[in-house]
Amino acid sequence: KNEVLRKHPEYMAMYKTGDRQPVPKPGHRAHKYCVTNPGLIRAFAEGIIERLGKDPKRYHASMSPSDGGGFCRCPTCSKLYVTDDRGKWGNFAGRGESVTPSMLQFYNGVARIVGKKYPDRIVGGLLYHAYTYPPDEVIRMEPNVALDIAVLDDYGYKLYKPKRAEE
């Protein structure tokens, strides 16, 4: 909710310059968050809890951020990114990094909070863009998390195709 973001601009993703992305205007969704911020995790969970509470028949809710790049560059988020291009995923299809560990940590944090209130409900998270690549170390997901791979032709799991692998 934009009112939460206006009260907490520190929830917005940080640029390399140290500035935060501006709080989006109403209806504008092309923005990113500081997904390691505990307050943001709680705010996302509270929003989902509110949504589930309004509809007792609703079995699930999404916790996916907006599409595209612009991931947070704060020290805490950046520390979780994988940038080693010598690994099995190369340079991550030209993106130069994988933010998968930070996103899975975010999803788990939101899911833990939601699960305390609604243990029988599912929170869903997409895997796409710079977080389609499996992390080097296994990250156990909370039992109420459902992950969905957004399958497009240029995403990581399609790199078995010679043309895509070359790119």
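The values are calculated or read from the model by the stated rules, or taken from the named source; none is laboratory data. The shown structure was predicted, so the numbers you read here are calculated from the model rather than taken from an experiment. FYI the Cβ positions are ideal-geometry reconstructions off the backbone, even for glycines, and counts take in every protein chain you see. Note: accessible area is taken over every heavy atom of the protein model, side chains too, but ligands, DNA and RNA are not part of it. Shrake-Rupley method; radii C 1.70, N 1.55, O 1.52, S 1.80 Å.
Placing Val35, Val138 in order of accessible area, with the largest value first and a 1.4 Å probe, yields Val138, Val35. What the phi angles of region 127-143 give under the Karplus curve with 6.51, -1.76 and 1.60, with θ = phi - 60°, is a coupling list of 10, 7, 6, 7, 10, 9, 8, x, x, 5, 10, 5, 10, 6, 8, 4, x Hz, glycine and proline written as x. Accessible-area rank, largest first, for Leu40, Leu80: Leu80, Leu40, with all protein chains present and a 1.4 angstrom probe.
Of the cross-linked pairs Lys7/Lys32; Lys57/Lys116; Lys16/Lys117; Lys79/Lys117; Lys32/Lys79; Lys54/Lys116, those separated by over 27 Å at the C-alpha level are Lys16/Lys117; Lys79/Lys117. Summing Lys and Arg as +1 and Asp and Glu as -1 over all other residues whose Cβ lies under 14 Å from the Cβ of Leu52 gives a net charge of +3.
Taking amide H as placed 1.01 Å from N in the peptide plane, the amide H of Met12 sits under 5 Å from that of Cys34, each at least 5 places away or on another chain. In the complete set of protein chains, residue-level accessible area for His129 is approximately 40 Å², probe 1.4 angstrom. For region 1-65, the spread of Cα coordinates along the three principal axes comes to 45, 24, 19 Å, biggest extent given first. For the residues Phe106, Phe44, a 1.4 Å probe over the protein chains yields an accessible-area ranking, largest first, of Phe44, Phe106.
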